[in-house]
Amino acid sequence: MSSPLLTVSCLAKRYHRGGKTIAAVEDVSFVIEPGETLALAGPSGSGKSTIARLVLRLIEPDAGRIQFEGDDFFALSGSALRARRARLQMVFQDPLAAFNPRATVARVLDDALRIHGIASRTERPRRIAALLERVGLNADLAPRAIHEISGGQRQRVAIGRAIATNPSLIVLDEAVSALDVSVRGDILNLLLDLQAKERIAYLFISHDLGVVRAIAHRVVILDAGRIAESGDARAVIGAPQSAIGKALVTATPKLHRTTAS
Amino acid sequence: MSVLRRFLRTPEAIAGAIILAALFAMALSASLLFPGDPQAIAGPALLPPFQDWSLPLGTDRLGRDVLAELFHGSRTSLAVGLAAATAALVIGAIVGTLAGFAGGLVDEVLMRITDAFQTVPGFLLALAFVSVVGPSLGVVVMAIALGAWTGPARVARAEVLSIRERDYVAGARVIGMHPLEIAFREVLPNALPPVLALSSVIVAAAILTEAALSFLGLGDPNRVTWGGMIAEGRTVLRTAPFLSIIPGVALVLTVLGVYLAGEGVVETTAVRRSLS
Ligand SMILES: Nc1ncnc2c1ncn2[C@@H]1O[C@H](COP(=O)(O)OP(=O)(O)OP(=O)(O)O)[C@@H](O)[C@H]1O
Ligand SMILES: [Mg+2]
C-alpha cells in the first residue's frame, strides 16, 4: 500500500536535429503518491512537455524506467497498454486542439466509455450526463459541437473525458494556462474538488508558480532537461535554492499577492 | 443555401453546373425518351442530322439513331467516370492514410507500390488490365481506378502526416483508442478536403480514359459509349464526319463541365475555409 503510484527513474530523452543532440530530458527521477499533486515547473524548453509525453507513452524514452501502479509501464504494449491507459489520463493546454474538430461533447465522452467498456451503449447517455454534471456542466451541452462551446467549458469537457475512465493519475500539461484568470480559478477548484473526492493524483505542469503554489503538494523544478531542485511546493517557492528557481519566483509577480493573502 | 449561392457566383461554375445538369438529365431520361435498344436499327443508314425530325441527329452506318446513342452513351460516361473516380479516391485515401499514419516500414512499402503504379502511364495500365481480364463495365471501372489512385494517395498521406502530430490524435491515443480507429475515424475525415479537391480532375480523366478504351474496342460491348461511337464513325469519316464530331463534342463538353464545376466547388470550399 505504501508503494508510490508512479515512479520515474533516470528518465532520458534526446532529440537529434541536424547532427546535434539535444538532451530534452536527462536523468530525471521522481515519484507521485496516490492522491498527490506533483508540479513540474521550469522555463520554456526545459523538458516539461517531453516528460508528460514520456509518462503517457506518447513517445519512447532513450533511457530510464517508469513504474505505474506497480507495473513496468514501458513493458506494456498493444491492447494491454491501451487497457491500462484508462488509469493514466491527460488534459492538454489548448482545449480546442485537444479534440477532433468534428467531435461533439457527447462523442468525446462516449468514446472513452465505449473503448474501456465502462458502460453499455444504452447506458452511456446517462453516464455522459452524469460526467458533465461532475465537471460542473449542464447535460444539455452533450449534443453541441466542441467548437461551439467556450474555452472554459471545453476544458471542463477535457477533464470530464479524463475522469470518465476512473484514472488514478491525470497529467495536466499547462491545462489552465490558456484560460483567462477567472475561469482558471474555477478549473483549479474543480481539480481540487475531484482530487478530494476521488483521490486522483495529478502531474501538474505549469510555468506559473502562483498556480503551482495553489494546487501542488510538491514541486520539481527543471532546467534544461535536468532537475534543478524539488521539494514541498510552499517551501521551494518560498525559498528557492537553485538559480533557476529564484529566477522563476522573481518572474512571477502575482506570487507576492497570493503569498500576502 | 448560401453555399450554393456562393458556388454560383463565378461564371465558370455556372457553366459547369449547367453542363453537368444537362448531362445528368440526359443520362436519367435516356430510357424514358429512347426506350428500347439504342443499338437497334431505326431508319436508313447514314441519314445526316436535321433532315428527319424523328431522327434529329441522323443515323449511323447501320441506321442506328445517333441521338438515342448519345443519350444512352452519356450514362456509360457518367457511370464509369463517377465509379472509377470514387474507387480511385477510396483506394487512395485508404492507402495514403495507412502509409502516413503507420509510418516506418508500412509507409515505405506502400509508397514504393504507389511509385510503381505512378511510373506506368494510367492509360497503359488500364489497357493492359482490360486486355487481360476482358471488357465489362466493372473491369473498365477497376482498370481506370488502378491508374488514378496514386494522386489521392499522395495527397492523403501528406495531409495525414501533418494531422497525426496534432494534440487530438495524442488525445485519442491517451484514451486508448485502437490505432486503426484513430487512423480512419479521427484522422482520415479531417484529411479528406484536399483529397476531394482532386475529384473533378479524376472524374474528367476517367471519362476520357473510358472513351479511349471504348474507341480501341475495349469498352463493354453491350453498352453504347461515346468512344465507341467515335470509333464507329471513323470508318466513314469523309462521307459522314458528324458521326465522329457529335460524340466528340459531347465528350469535350462533359469533361469541361466536370472540370469547371469541380473548380467552382474547390473555390467555394476554399472561401468557406478561409472565412472560418
Ligand atoms: N519532436 C521534437 N524534436 C526535436 N526537439 C524537440 C522535440 N520536442 C521537444 N524538443 C526539444 O526538447 C526540449 C524540451 O521541450 P519541451 O516541449 O519538453 O519543453 P517545455 O518545458 O514543455 O517548454 P514549454 O514551456 O515551452 O512548453 C526543447 O529544447 C525542444 O526544442
Ligand atoms: Mg510544453
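A few comments on the model shown:
- Test for residue B:263: is it open to solvent by 30 Å² or more (accessible area, probe 1.4 Å), of a type in the set (Asp, Glu) and either assigned to a helix (DSSP H, G or I) or touching a Lys or Arg at 6+ places or on another chain (Cβ under 9 Å) (or both): yes
- Filter result for residue A:111 (among the acidic types (Asp, Glu) and more than 8 Å from chain B (Cβ to nearest Cβ)): no
- Candidate set from segment A:37-83 (those that are within 16 Å of ligand 1 (Cβ to nearest atom) and more than 19 Å from the chain's Cα centre (by Cα)); member that is nearest to the other protein chains (Cβ to nearest Cβ): A:62
- Residue match in segment A:5-25 (condition: surrounded by 14 or more Cβ atoms within 10 Å (Cβ to Cβ), assigned to a loop (DSSP other than H, G, I, E, B) and touching a strand residue (DSSP E or B) at 6+ places or on another chain (Cβ under 9 Å)): yes
- Total residues in segment B:178-227, condition of a type in the set (D, E, K, R) and surrounded by fewer than 24 Cβ atoms within 10 Å (Cβ to Cβ): 4
- Scan of segment A:84-108 for residues that are surrounded by fewer than 20 Cβ atoms within 10 Å (Cβ to Cβ), in contact with a strand residue (DSSP E or B) (Cβ under 9 Å, 6 or more places away or on another chain) and facing chain B (nearest Cβ under 7 Å), ordered by number: A:101, A:102
- Across segment A:26-49, the qualifying residues are those that are surrounded by fewer than 22 Cβ atoms within 10 Å (Cβ to Cβ) and of a type in the set (Ser, Thr, Tyr), and the one among them that is nearest to residue A:70 (Cα to Cα) is A:29.
The values are calculated or read from the model by the stated rules, or taken from the named source; none is laboratory data. These numbers were taken from a predicted model, which means no experiment stands behind them. In this analysis, Cβ positions are derived from the backbone assuming ideal geometry, glycine residues included, and neighbour counts consider all displayed protein chains. Accessible surface areas use protein heavy atoms only, side chains included; no ligands, DNA or RNA. Shrake-Rupley method; radii C 1.70, N 1.55, O 1.52, S 1.80 Å.
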